[in-house]
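The values are calculated or read from the model by the stated rules, or taken from the named source; none is laboratory data. Note that the structure is a prediction, hence the values are computed from the model and not measured. Note that we place each Cβ from the backbone using ideal geometry, even for glycine, and neighbour counts take in every protein chain shown. We work out accessible area using only protein heavy atoms, side chains counted, and drop any ligands, DNA or RNA first. Shrake-Rupley method; radii C 1.70, N 1.55, O 1.52, S 1.80 Å.
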Amino acid sequence: FVASHRTLGISGTSGKSTVVAMTFELLRGAGRDPSVITGGDLEALRAEGLWGNAWRGGELLVIEADESDGSLVRYEPAVGVVLNLQKDHKAESEVLAMFTTFASRTREALVVGEGEELAPVVAIARARRLPVVSFGFGPGAHVRPDDGSLALGARSSTFAVRGVRFTLPVPGLHNVENALAAIATCGAVGVELAALVAPLAAFRGVGRRFQTIGV
């Protein structure tokens with residue numbers, strides 16, 4: 001599936017399922033008809049009576065590239081995304097080696113978190129002359145909230161990127177970072193910021209993550 005599509009492979013030790021869901025919903029809302037294969041249930045798909053972890057659309061395919069079983073080193077995505085690096089399923093050094101292999105097999109662009117621990121991944125991409133797009137909160141990130149624009153609420157957050165104002169209907173600073181990753185990933189395949197505003201405001205979330213079961 002990865003080889004036969006223009007695939008956006010999303011890896012990292014945390015946030016993968018949410019960023020896959022956000023990226024899929026943003027692309028779908030922007031009229032790009034993406035496909036998706038992921039490990040979490042997208043509430044937007046469940047609302048349509050589907051299982052929620054897969055959808056067949058067009059050429060673009062968004063996947064969760066998981067390091068837990070090592071399978072991500074076999075992918076050759078068009079756009080490789082590396083969110084972060086922390087101790088999780090394996091030692092950080094082992095995961096970093098997988099991320100650098102993943103970057104070495106990426107074909108069009110690398111989207112990467114701003115963490116210094118990911119510098120070796122960036123170095124691999126730059127050695128191959130791949131475009132590198134970073135996201136985060138620091139002044140060096142390519143996709144970041146405009147100064148003074150970020151406001152966190154109990155149920156949602158707002159922020160602006162290059163003057164374009166976004167509303168994110170799920171709580172937490174980590175979800176703002178997830179949204180920045182998804183925005184950067186969509187930008188890597190040519191989607192304009194303005195086309196992402198309405199889809200992000202309509203984001204339905206992922207099962208078991210701040211999910212309201214009843215009141």
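Indicate the gyration tensor shape class of region 109-177 (rounded, prolate or oblate), computed on the Cα atoms with a ≥ b ≥ c the square roots of the eigenvalues: a/c under 1.5 is rounded; otherwise a/b larger than b/c is prolate and the rest oblate. Please list the in-between numbers first.
Working: a/c = 2.83, a/b = 2.21, b/c = 1.28.
Here region 109-177 falls in the prolate category.
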Q: Using packing as a proxy for protection, rank 98-105, 115-122, 63-70, 18-25 so that the peptide with the highest average count of other Cβ atoms within 10 Å comes first.
A: 18-25, 98-105, 63-70, 115-122
Q.
What is the sum of charges, Lys and Arg at +1 and Asp and Glu at -1, for the other residues whose Cβ falls under 11 Å from the Cβ of Pro199?
A. +2
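Quick one: pull the percent of accessible area on the chain belonging to carbon and sulfur, 1.4 Å probe, ligands and nucleic acids left out.
Numbers: 4990 of 9830 Å².
C and S fraction of accessible area: 51 percent.
Calculate the dipole size of region 110-183 relative to its Cα centre from +1 charges on Lys and Arg beta carbons and -1 charges on Asp and Glu beta carbons; express the result in debye to the nearest 20. Could you put the intermediate results ahead of the total?
Numbers: 7 positive and 6 negative charges, 61 e Å.
For region 110-183, the charge dipole is close to 300 debye.
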Q: Kindly rank 141-152, 170-181 from highest to lowest mean number of other beta carbons found within 10 Å of each residue.
A: 170-181, 141-152
Q) Could you give the distance between the Cα centres of region 180-215 and region 1-35, to the whole Å? A) 11 Å
Q. Per residue, how much accessible area does the chain have with a 1.4 Å probe, in Å²?
A. 46 Å²
Q) Where the eigenvalues come from the Cα gyration tensor of the chain, what are the semi-axes √(5λ) of the equivalent ellipsoid, largest first, in whole Å? A) 24, 20, 17
